Amino acid sequence: MNRLSTRMLVVFFAVLVLSSFAGALSLVPPKGHGGSVTPAEAISVAQMYLQWASSNIPNFEDWKNAKLSRPVAYYFPNGTRSAYEFTVLVNGKPDGFILVAAQRYMPPVLEFGKGEAPSRRLGRIGTARIKGFLRERHKLLYYGALSYSVELGNGKAMDIYGRQVPVPKTTKLALSPRQVASAWRAFDTDTGISDVGVLSTSTLTKVIPNVPVWTEDSYWTYTRGVGDLGGASTSYPNNVGPKADPWNIWDGCTPIAAAQIIAYHEHPEIYENGYYTQEYKEYMTSLVDILHHTMGTFDTKDKKGWTWWCGYPGSDACDGIESFASEYQRLKDQGIVSWSLKNNYDAQPTCTLGLCWEFGGYINEDDVIEEVNSYRPALLQLHNGGSAADGQGPYGDHSVVITGYVGNSNTVDYLVIHSGWDMYDHYLTWGNWGSHTHLVKIIPEKR
Amino acid sequence: MKLLRILIPFFAFVWELMLPFKIPVGYYIKGGMVWFENWTGSAGRPYVCWTKYSPSPIFIVLVLLPALVLLVSYIFHRDSSLRNLGLSMLFSLLAATMAPVFMLDLSINSILLMLVSLSSGIVLGKDIGDRVILAFGGFLPGLVFILVISAQFHGAC
């Protein structure tokens, strides 16, 4: 018995020692694939990726002759350089960004997309929120997907939503050394990027640029908010615009979400001039009020701001979107609104027989990717929606705008949304919602 | 009279289908919003929007109306088939009206309704054909009522 125990113990230790060798071997980076990446090498990677994306990813064709900005460096919390960000310039104008790793144990291209470069967004929010903000003084941090932030000192940072967040003391990146080495090899060999499979591990951030963001936050901030007030004695359509509404101060999440989508298709230039302008406020409150009316949004004390899902026998979200153009034209003829109207709108819900109201609906990644790639923000009808990555929520039964996604060319990890509750982007993990959640595709048709 | 016994469930079906749309939702749904004035937008939510099925006595009477009409007709005509159909419909509609108060689950409520309708048909019917008519007469209007009520919670605020 004793001899048997001793033999088993020896075998056990032998296995232990051998397996530790195997583990150690797998952690050794392949020859020439250790160390940090110089800015010159990063530029070369970004340029190659630019060419690859322009010929392999739908809607990135305009990157073919694009130029790159000077790199912006990001750091890990311990001070080591983590990434280089390049703004992609098409005809001299920003048209997305590429984030290249600064260490060879990370995949060469970490993230890319058509949205605003994270450093630009951080700069914009930092200038507004941090006293004496200077890019040279405040280090930019990146330590994993979507972890962009500005270091404030004392273990604190400001994230891309402008919130103060603690800086983690340690970070752990879950990377496959073999895949990372293969990906670097594809860039290092002068043959260009041929192994698309390797690159599919990169995270793609695709956001439709300049989708107007809006909330009727007068609801909780009262006179300090950007929306209009409620409870007035005027009747529709005399309330259309920033004037107080006859209904509740909260106009309803579905009209607010649909208004952002229609504003994107109609007059994005008003938003591009800045969301603090009087014209933007007038335009957005007008759209919200009209949609509140066409959608038949409830004003009763039992269902304030409630809008039926598509397929309801009376007015609902889809009816409201589809009848928007005729109602807007009617008000324009009466001189109540003045901006031009370019499109009619078709609302296509992803529900069996279009009866979302009766049977609920479904949501597919392909539909989201197609809508975003076609530059069509979509209405997301959340059923029992969870919270966003930054903690906003839970959303419950709520309507939001999908403006983009984080994933790769055929899967979605996060949806980029405008929640209608504030003026920021939020990231909602794919599937963090109930089974009846569905999309409403909003298709503009030229008038 | 046999034709009437087949037609009445269909009339009841139409009645139960139209009723929730024709009267204000306040008769059977209670709801409201609770908002947080100090919400700053960094996390959490600015309001909670809630709805709950809560049928008022008038609403319950209106839902049961087809069954009540049959039972009143029985008093005048003394035809036991009218009474049996009225009772079968009464039990099924009562189950359909009250079950969602405790659990708003379409499949569970449908199964419960099916059990009540079948039991009523078996107990009250004289032969197999009669049992089928009674069970069907209670189940059909009850099912449409459950379908319409469960959908009344599909929206966003």
(request) Any residue in segment A:380-393 that's on the phi > 0 side of the Ramachandran plot and at the interface with another protein chain (Cβ under 7 Å from one of its Cβ atoms): show its pairings with residues that are surrounded by fewer than 22 Cβ atoms within 10 Å (Cβ to Cβ) and among the hydroxyl-bearing types (Ser, Thr, Tyr) at Cβ separation under 8 Å, as long as the two are six or more apart or on different chains. (result) A:Gly391/B:Ser42; A:Gly393/A:Ser387
(request) Report yes if some residue within segment A:102-111 is free of Cβ contacts under 8 Å to residues at least 60 places away in the same chain and farther than 20 Å from A:Asn78 by Cα; otherwise report no. (result) no
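Considering only segment A:66-183, give the strands (runs of 3 or more DSSP E) lying wholly within it that have at least 2 residues that are surrounded by fewer than 20 Cβ atoms within 10 Å (Cβ to Cβ).
On the way: elements: A:72-75, A:81-90, A:93-101, A:109-113, A:149-153, A:156-159, A:164-166.
Output list reads A:72-75, A:81-90, A:93-101, A:149-153, A:156-159, A:164-166.
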(request) Tell me which residues, restricted to segment A:69-99, are in contact with a Ser or Thr (Cβ under 7 Å, 6 or more places away or on another chain) and hydrophobic (A, V, I, L, M, F, W, C). (result) A:Val72, A:Phe76, A:Phe86, A:Leu89, A:Phe97
(request) Might you let me know whether segment B:125-134 holds any residue that is within 14 Å of chain A (Cβ to nearest Cβ) and of a type in the set (Asp, Glu)? (result) no
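Taking the criterion of being within 14 Å of chain B (Cβ to nearest Cβ) and either in contact (Cβ under 8 Å) with a residue 40 or more places away in the chain or more than 26 Å from the chain's Cα centre (by Cα) (or both), would at least one residue in segment A:325-343 satisfy it?
Taking segment A:325-343 and keeping what is within 14 Å of chain B (Cβ to nearest Cβ), we get none.
Looking through segment A:325-343, none of the residues is within 14 Å of chain B (Cβ to nearest Cβ) and either in contact (Cβ under 8 Å) with a residue 40 or more places away in the chain or more than 26 Å from the chain's Cα centre (by Cα) (or both).
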(request) Check B:Leu93, B:Leu147, B:Leu140, B:Leu113 and return the single one that is under 12 Å from the mean Cα position of the chain (by Cα), within 30 Å of A:Cys351 (Cα to Cα), within 14 Å of chain A (Cβ to nearest Cβ) and assigned to a helix (DSSP H, G or I). (result) B:Leu147
(request) Please tell me if B:Ser107 is part of a helix (DSSP H, G or I) and within 14 Å of another protein chain (Cβ to nearest Cβ). (result) yes
(request) Select, from A:Ala157, A:Ala186, A:Ala181, the only residue that is assigned by TED's automatic domain parsing to the domain that holds A:Ser54, more than 18 Å from A:Asn248 (Cβ to Cβ), modelled with pLDDT of 70 or more and touching a Pro at 6+ places or on another chain (Cβ under 6 Å). (result) A:Ala181
(request) Could you tell me which of the residues B:Val69, B:Val25, B:Val34, B:Val48 is among the β-branched types (Val, Ile, Thr), within 14 Å of chain A (Cβ to nearest Cβ), out of contact with any Asp or Glu (no Cβ under 9 Å at 6 or more places or on another chain) and surrounded by 13 or more Cβ atoms within 10 Å (Cβ to Cβ)? (result) B:Val48
(request) Would you check if A:Gly354 is at positive phi, of a type outside the set (S, T, N, Q) and either within 14 Å of chain B (Cβ to nearest Cβ) or in contact with a His (Cβ under 6 Å, 6 or more places away or on another chain) (or both)? (result) yes
(request) Show the residue pairs that are 6+ apart or on different chains and have beta-carbon atoms under 7 Å apart, the first residue being within segment A:133-146 and on the phi > 0 side of the Ramachandran plot, the second being part of a loop (DSSP other than H, G, I, E, B) and at pLDDT below 75. (result) A:Gly144/A:Thr171; A:Gly144/A:Leu173
(request) Considering every residue within segment A:357-372, establish whether at least one is in contact (Cβ under 8 Å) with a residue 40 or more places away in the chain, assigned to a strand (DSSP E or B) and either in contact with a strand residue (DSSP E or B) (Cβ under 6 Å, 6 or more places away or on another chain) or within 14 Å of another protein chain (Cβ to nearest Cβ) (or both). (result) no
(message) With the requirement that a residue be loosely packed, with under 13 Cβ neighbours inside 10 Å and either at pLDDT below 85 or among the aliphatic types (A, V, I, L, M) (or both), what does segment B:1-13 give you?
(response) B:Met1, B:Lys2, B:Leu3, B:Ile6, B:Leu7
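The values are calculated or read from the model by the stated rules, or taken from the named source; none is laboratory data. From a predicted model like this one, the values you see are computed outputs, not experimental measurements. Here Cβ is always computed from backbone atoms with ideal geometry, including for glycine, and neighbour counts include all displayed protein chains.
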